[in-house]
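Asks: Can you read through this structure? Questions will come right after.
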Amino acid sequence: MTSQIPIKDVTAKNKQPITFVPPAQTGDPIHTRSFKGLFRNLRLSGAGALILLFFGTAWLNWNGHQAVLWDLNAKQFFIFGATFWPQDFILLSAILMIAAFGLFFITVFAGRVWCGYTCPQSVWTWIFMWAEKVTEGERHQRVRLDAAPWSLNKLARRGAKHGIWLAVSLATAIAFVGYFTPVRELVSDMLHLQLGTSTAFWLFFFTAATYFNAGWLREKVCLHMCPYSRFQSVMFDEYTLVVTYDSARGESRGPRKKSIDHTAAGLGDCIDCTVCVQVCPTGIDIRDGLQLDCISCGACIDACNSVMDQMDYPRGLIRYTSERALEGKPTHWLRPRLVGYAAVLLAMVGSLAWGIQTRPLIDLDVSRDRSIFRQNSAGEIENLYTLKVINKSQQSRSYIIDLGEPDRFKAQGLGEVTIAGGETAVVPVRVSRQQPDGRAGSQPLQFVVKDLQDTDSQVSDASTFVSPAAR
Ligand code: SF4
Ligand code: SF4
């Protein structure tokens with residue numbers, strides 16, 4: 001790789017003024033050059049883990065269920081053996097809040113590394129770039145192919161590229177839709193051309209969204225569409241690690257022979273090879289200073305380090321550093337803001353773990369039939385209730401249903417009930433009592449459901465017992 005870096009014999013006295021304009025400013029297509037290095041390996045690891053997680057969990061089975069499935073018809077969310085119901089939405093909201101705080105924490109610490117390493121938009125763009133490289137060749141070959149007139153060779157290469165893009169997009173859409181409808185049934189229905197209209201629509205939608213976002217829009221999503229990129233810069237402070245070009249060390253930039261004493265010639269360490277721009281997925285020149293468009297992917301660091309190695313200059317002309325460190329001021333990572341985010345994050349993760357651990361696996365919903373309060377043959381006032389008892393576990397369980405204060409009321413329909421895992425039992429209950437003083441009114445009433453296999457597990461729901469005025 002490094003042998004391709006152009007090194008011209010230019011000294012300080014005849015060096016050219018800076019005329020290079022990066023593609024982000026010219027609007028030219030961005031053809032990134034591939035480069036090896038530490039940050040590329042980190043990026044591959046992050047992307048690999050995310051891809052494995054995304055596709056793996058869609059196809060994995062766990063305790064006889066798809067490991068992760070949001071069953072919209074049954075209104076149940078299965079995740080690795082646990083079942084969540086609409087009543088557990090508070091826990092899911094907590095997970096989203098934790099993710100948001102995690103993102104704030106990372107951004108304050110190291111800028112847009114989420115964008116550069118693990119954001120799905122970036123990860124899928126890297127996959128599509130890989131397909132581009134496999135089918136159309138390295139950067140210079142792609143530039144040549146772009147400029148070349150249409151031929152069989154160009155058609156075949158472009159066709160292969162778009163074929164891979166579409167295949168990846170379809171696989172992505174299947175996995176994504178498979179989180180909401182059992183993925184194996186989905187694929188079987190697809191193969192037998194038996195897809196429902198809405199499933200077919202969402203498959204088409206996500207295939208098209210992946211294809212256009214990762215294939216065509218790419219960095220434009222990060223620059224113009226992603227709301228996070230707009231506001232995250234306000235989270236930066238002078239201690240935040242950002243990808244920075246050390247201009248004090250790099251300027252004056254200019255090509256030179258490796259053998260010359262460039263300092264004596266009035267040159268800095270930057271040989272103006274523009275490799276850092278050629279590898280940049282957003283087409284910017286980091287030497288112009290910190291820019292909103294930089295997604296902190298570190299590709300330019302790998303590229304420039306490689307150039308520095310070739311020139312026998314120290315590495316790190318472009319590096320992750322903070323504004324303070326660059327100015328030579330003392331810097332410390334544990335500042336109050338970061339500690340605050342970390343503390344909130346830990347507290348939220350702890351509360352979520354506690355909430356999940358202690359959440360009851362039974363749910364009870366009581367509704368009173370408002371139209372019926374009548375006098376029975378014994379002269380008592382009678383109200384009717386419908387109890388919905390939900391077994392939120394994945395195994396069959398037996399429960400006992402009772403009144404919270406059995407002495408105050410008589411009831412019919414209470415007792416033991418066995419409910420299959422993930423099912424709901426509808427239990428009609430008749431409650432009666434003597435009308436105490438002949439006046440209309442309502443008394444509080446409570447129903448309790450206890451798990452017979454786990455006596456610590458019980459839920460209750462309050463209702464009212466309504467008496468009419470005596471005639
Ligand atoms: S910063 Fe590094 S990679 Fe970029 S032009 Fe200068 S020497 Fe080349
Ligand atoms: S400037 Fe460097 S770190 Fe920023 S997006 Fe471009 S290659 Fe990635």
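Asks: How much length would be gained if the chain were fully extended between LEU193 and LEU334, taking 0.36 nm per residue of separation minus their Cα-Cα distance, in nm to one decimal?
Replies: Values: separation 141, 0.36 × 141 = 50.76 nm, distance 5.74 nm.
Result: 45.0 nm gained on full extension.
Asks: Once the Cα atoms of the chain are picked out, what are the Rg and Dmax in Å?
Replies: 32.4, 113
Asks: For the chain, what is the calculated [θ] at 222 nm in deg cm²/dmol (nearest 500), taking -39500 (n - 2.57) for each run of four or more DSSP H residues and dividing by its residue count? Present the calculation step by step, with values, prior to reporting the outcome.
Replies: Numbers: 14 runs with 176 residues, N = 471.
It comes out at -11500 deg cm²/dmol, rounded to the nearest 500.
Asks: Which trypsin sites (Lys or Arg not before Pro) in segment 34-119 sit in a loop by DSSP (not H, G, I, E or B) and have at most 15 other Cβ atoms within 10 Å of their own Cβ?
Replies: Numbers: sites: LYS36, ARG40, ARG43, LYS75, ARG112; in loops: LYS36, LYS75, ARG112.
Counting only loop positions with at most 15 other Cβ atoms within 10 Å, the trypsin sites (Lys or Arg not before Pro) in segment 34-119 are LYS36, LYS75.
Asks: Between ALA67 and GLU423, what is the spin-label point distance in nm, taking each point 7 Å from the Cα along the Cα→C-beta axis?
Replies: Result for the modelled spin labels: 2.9 nm.
Asks: Is the shape of segment 39-106 best called rounded, prolate or oblate, per the rule: a/c under 1.5 gives rounded, else a/b larger than b/c gives prolate, else oblate, with a ≥ b ≥ c the square roots of the Cα gyration tensor eigenvalues? Walk me through the numbers on the way to the answer.
Replies: Values: a/c = 3.49, a/b = 1.37, b/c = 2.54.
Oblate is the answer for segment 39-106, as a/c is 1.5 or above yet b/c matches or exceeds a/b.
Asks: Return the FRET efficiency for the residue pair ARG370, SER45: r is the Cβ-Cβ distance, R0 is 45 Å, and the value is rounded to the nearest 0.05. Intermediate results must be reported in sequence, preceding the final value.
Replies: On the way: r = 60 Å, r/R0 = 1.34.
Once the sixth-power term is evaluated, E becomes 0.15.
Asks: List, in order, the whole-Hz ³J(HN,Hα) value for each residue of segment 251-256 obtained from phi through the Karplus relation with A = 6.51, B = -1.76, C = 1.60 and θ = phi - 60°; use x for Gly and Pro.
Replies: Ordered by residue, 3J(HN,Hα) equals 8, 6, 7, x, x, 6 Hz.
Asks: Whole-Hz ³J(HN,Hα) for each residue in segment 337-345, computed from phi via Karplus 6.51 cos²θ - 1.76 cosθ + 1.60 with θ = phi - 60°, x for glycine and proline: what do you get?
Replies: Taking θ as phi minus 60°, the curve returns 4, 5, 5, x, 4, 5, 5, 4, 4 Hz for segment 337-345.
Asks: Which translational diffusion coefficient, to the nearest whole µm²/s, is obtained for segment 360-467 from the Stokes-Einstein equation, given a Kirkwood hydrodynamic radius over C-alpha pairs, 20 °C and 1.002 mPa s? Numbers along the way, then the final one.
Replies: On the way: Rh = 14.4 Å.
For these conditions, the coefficient is 149 µm²/s.
Asks: Moving on to the next point. For segment 330-399, what does the equivalent ellipsoid look like in terms of its semi-axes, each the square root of 5 times an eigenvalue of the Cα gyration tensor, given largest first in whole Å?
Replies: Numbers: eigenvalues 556, 58, 11 Å².
So the three semi-axes of segment 330-399 are 53, 17, 8 Å.
Asks: Can you tell me the length gained on complete extension of the stretch LYS257 to ALA353, counting 0.36 nm per residue apart and subtracting the Cα distance?
Replies: Details: separation 96, 0.36 × 96 = 34.56 nm, distance 6.05 nm.
Computed gain between LYS257 and ALA353 is 28.5 nm.
Asks: Once the other residues with Cβ under 12 Å from the Cβ of LEU38 are scored (Lys, Arg +1; Asp, Glu -1), what is the net sum? Write down the numbers at each step before the final one.
Replies: Numbers: positive: LYS36, ARG40, ARG43, ARG315, ARG319; negative: ASP302.
Spelling it out: positives minus negatives among the neighbours equals +4.
Asks: Scattering from the C-alpha atoms of segment 75-221 alone, worked out with Debye: what is log10 I(q)/I(0) at q = 0.15, 0.17, 0.18 1/Å?
Replies: -1.00, -1.13, -1.18
Asks: Can you check how the C-alpha radius of gyration of segment 274-322 compares to 2.2 N^0.38 Å, as a plain ratio?
Replies: Relative to the 2.2 N^0.38 Å estimate, segment 274-322 comes out at 1.08.
Asks: Another question, if that's okay. So for segment 360-467, taking the charge dipole from beta-carbon charges (+1 Lys/Arg, -1 Asp/Glu), which of SER377, SER393, ILE419 sits furthest toward the positive end?
Replies: Going by the charge dipole, the pick is SER377.
Asks: While we're on this one: Can you give the local net charge around THR181? Use residues other than it whose beta-carbon is closer than 14 angstrom to its beta-carbon, Lys and Arg +1, Asp and Glu -1. Walk me through the numbers before you get to the answer.
Replies: On the way: positive: LYS75, ARG184; negative: ASP71, GLU185, ASP189.
So the surrounding residues net to -1.
Asks: Between helix 197-210 and the chain, what is the angle of the helix's C-alpha long axis to the longest principal axis, kept within 0 to 90° and rounded to the nearest 10?
Replies: Tilt of helix 197-210: around 30 degrees.
Rule-based calculations on the coordinates, nothing more; no lab input. Model, not experiment: these values are computed from the prediction. Reconstructed Cβ throughout: ideal geometry from the backbone, glycine too, with neighbour counts over all protein chains shown.
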